[in-house]
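Working notes for the structure below.
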Amino acid sequence: MKLVGKIALVTGAGQGIGKGIAEVLADEGADIVINDIYADERCEVLADAIQKKGRRALVVAGDVSKRADVDRIFDAASDFGPIDVLVNNAGIETIIPFLELTDKQWEEVTEVNLKSQWMCAQTFCKRAIAEDREGSIVNIGSIQAARVLPGRTHYAPSKLAIEALTRNISAEMGYYGIRVNCVHPGLIDTPMIRWVLESPEILPGVVGQISLGRPGQPLEVGKAVAFLASDDASYITGQSIYVDGGWVGK
């Protein structure tokens, strides 16, 4: 197990990719702080499943696009001890034609998808440096950092910007032994894109662009995150990798 003795905070862990990441990190030995905007039944079910694996689990609700909530989440997480791994997974997606996009819609997506990652990473790094600890951050982007899909002129830039955020944080934090990397998931079987997977008109065209010819699973993203978070990736920082079945390369 790659993460025995580590404590990981996963934002947006209530469902989908975040849930899969939390499960894999627990399988690799980490105790998990589960964050989502609401501490609902999904989070409690996940916490119970993690505890059954023999790991500790703590649910902390909070909106990671709000500075006060970010501070509160990290304060609550400290009950477990110092956070070793931060996974910036929380995100939202809406599909809105370019000419109909409003200021509010742009700001909502940008604040959750990008601003939250900056604030959580900054908080993580400040605390790690103050305590003279190393650590690992894995930011979650999207295939849309490299692929153009209709109605995402607000969403896609927020995800592509995560690459620049990752590189720049890694350059400044490497001195302190804090590694920062990014994972871009492709078509992953989650509630967020269930409408694609259930559409006989849309799904064949999308899958036809993927070299492996199938959607991915949240656990497959989780395995890439676990690798980057672990000492197996001790000389990897500032990188972005695509877990997309070969969609970008085809």
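Tell me, yes or no, whether the stretch 119-128 has at least one residue that is in contact with a helix residue (DSSP H, G or I) (Cβ under 9 Å, 6 or more places away or on another chain), of a type in the set (K, R) and surrounded by 19 or more Cβ atoms within 10 Å (Cβ to Cβ). Checked against the condition, which is being in contact with a helix residue (DSSP H, G or I) (Cβ under 9 Å, 6 or more places away or on another chain), of a type in the set (K, R) and surrounded by 19 or more Cβ atoms within 10 Å (Cβ to Cβ), the stretch 119-128 yields no hits at all. From the list A8, A57, A49, the lone residue that is modelled with pLDDT of 95 or more, open to solvent by less than 60 Å² (accessible area, probe 1.4 Å) and closer than 19 Å to I140 by Cβ is A8.
Taking the stated definitions as given, is K2 of a type outside the set (V, I, T), open to solvent by 70 Å² or more (accessible area, probe 1.4 Å) and under 18 Å from S136 (Cα atoms)? Judged against the criteria, K2 is a match. Scanning the stretch 224-250 for residues that are crowded, with 17+ Cβ neighbours inside 10 Å, more than 15 Å from the chain's Cα centre (by Cα) and among the hydroxyl-bearing types (S, T, Y) yields S230, T237. Does S170 qualify as being surrounded by fewer than 16 Cβ atoms within 10 Å (Cβ to Cβ) and among the hydroxyl-bearing types (S, T, Y)? No; evaluated as a whole, the condition is false for this residue. Restricted to helices (runs of 4 or more DSSP H) entirely inside the stretch 128-224, those with at least 3 residues that are over 30 Å from K104 (Cβ atoms) are 155-173, 203-207. Contact annotation: residue pairs with Cβ atoms under 8 Å, 6 or more positions apart or on different chains, pairing a residue in the stretch 236-250 that is without any contact (Cβ under 8 Å) to a residue 60 or more places away in the chain and on the phi > 0 side of the Ramachandran plot with a partner that is assigned to a loop (DSSP other than H, G, I, E, B) and buried (at least 16 other Cβ atoms within 10 Å of the Cβ), are G245/G186; G245/L187; G245/I210; G245/P215; G246/I210. Restricting attention to the stretch 81-92, the residues being open to solvent by 40 Å² or more (accessible area, probe 1.4 Å) and out of contact with any helix residue (DSSP H, G or I) (no Cβ under 6 Å at 6 or more places or on another chain) number 1.
Name every residue in the stretch 191-223 that is among the hydrophobic types (A, V, I, L, M, F, W, C), open to solvent by 20 Å² or more (accessible area, probe 1.4 Å) and at pLDDT 95 or above, in order of residue number. First the steps, then the outcome.
Pass one, the stretch 191-223, residues among the hydrophobic types (A, V, I, L, M, F, W, C): 192-193, 195-197, 202-203, 206-207, 210, 212, 219, 221.
Right, trim to open to solvent by 20 Å² or more (accessible area, probe 1.4 Å) and you get 192-193, 195, 197, 202-203, 206-207, 212, 219.
Residues satisfying the conditions are L212, L219.
One residue is enough: does the stretch 95-111 have a residue meeting the conditions at pLDDT 95 or above and within 22 Å of T237 (Cβ to Cβ)? Within the stretch 95-111, none of the residues are at pLDDT 95 or above and within 22 Å of T237 (Cβ to Cβ). Scanning the stretch 142-159 for residues that are modelled with pLDDT of 95 or more, open to solvent by 20 Å² or more (accessible area, probe 1.4 Å) and within 29 Å of D232 (Cα to Cα) yields a count of 0. Selection of the stretch 5-62 for residues being touching a helix residue (DSSP H, G or I) at 6+ places or on another chain (Cβ under 7 Å), under 17 Å from I83 (Cβ atoms), in contact (Cβ under 8 Å) with a residue 40 or more places away in the chain and small (G, A, S) yields A8, G12, A13, A22.
The values are calculated or read from the model by the stated rules, or taken from the named source; none is laboratory data. Predicted model only: the values in this text are computed from it and were never measured. Please note: Cβ atoms are built from the backbone with ideal geometry, for glycine as well, and neighbour counts cover all protein chains shown. Accessible surface areas use protein heavy atoms only, side chains included; no ligands, DNA or RNA. Shrake-Rupley method; radii C 1.70, N 1.55, O 1.52, S 1.80 Å.
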